[in-house]
1. Amide H neighbours of HIS190 under 5 Å, at least 5 residues apart or on other chains, H built in the peptide plane: list them.
2. What is the extension gain from LYS22 to GLN84, computed as 0.36 nm multiplied by their sequence separation minus the C-alpha to C-alpha distance, in nm to one decimal?
3. Figure the gain on full extension for GLN135 and THR36 (residue separation times 0.36 nm, minus the Cα-Cα span) and round it to one decimal in nm.
4. What is the local net charge at SER196, summed over the other residues whose Cβ is closer than 12 Å to its Cβ (Lys, Arg +1; Asp, Glu -1)?
5. So what's the net charge close to VAL97: Lys and Arg +1, Asp and Glu -1, counting the other residues with Cβ under 9 Å from its Cβ?
6. Which percent, nearest 5, of DSSP beta bridges in segment 5-147 are antiparallel?
7. Suppose the chain between ASP170 and ASN120 were pulled fully straight at 0.36 nm per residue; how much longer would it get relative to their current alpha carbon spacing?
8. Find the centroid of the Cα atoms in segment 125-146 and in segment 163-221, then give the distance between the two in whole Å.
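Coordinate-derived values only; no laboratory data. Please read all numbers here as calculations on a predicted model, not as lab measurements. Virtual Cβ from ideal backbone geometry, glycine too; neighbours counted across all protein chains shown.
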Amino acid sequence: MNIQDILLNYKHITEKINVQKKKNNVKTNLIAVSKTFPPESIEPLIIHGHFIFGENKVQEALNKWLPLKKKYKKVRLHLIGPLQSNKINIALEVFDVIETIDREKLVNKISSKIQNIRKNSHEFFVQVNTGNEAQKSGLDISEVKNFVGWAKNDKKLNITGLMCIPPVNDNPVEHFKLLKKKKEECNLQHLSMGMSNDFEVAIQNGSTFVRVGSAIFGQRT
């Protein structure tokens, strides 16, 4: 896809987001999901004034984003794919927000590493498996409140939000409502929910971050 098409898609998506934000009085941010796309597809969006991006794979993000982040200081990068414990050091180097915290082992390792990072401004979201899908990462909804409390209070992690990926064949609304209720119970600031096909519904249900990739950059090969 050429640069003009990407910018046009971006304009259409942001217009739709702004309509829903105004209707629902929600402060929603767009995460432009740039996984598999090269820097030459991404940089025009940064120049255009967009600074929040998402990647699924730690190594790909490191190779792609370290040079871009050195050049563009306002960029904030979200990890929206699973994090392996042996990639924590790299993840903390390149990502500002890690959305996929889902087990004690990760929290313990991050907590021990992060204390050595000067001017630490990382944020963390807890991933919730709202559909109880065996093939997906994420905590069971019943475990979330205790886990968030432990990670924040005992381990001093800056947990600011919850994230979910509803089952493909389910109506996402019930999952979004469930996550919003849990966010309020945990007294958190952010909800990361909604992708290219359901981001408007997610905003209607209080999402503060929507993750849109293919509707901006085109289909991945």
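1. It is GLY161, LEU162, by chain and number.
2. Additional length available on full extension: 18.5 nm.
3. In short, 33.4 nm is gained.
4. With Lys, Arg at +1 and Asp, Glu at -1, the neighbours total +1.
5. Local net charge: -2.
6. 0
7. Roughly 14.2 nm would be gained on extension.
8. Each part reduced to its Cα centre gives a spacing of 14 Å.
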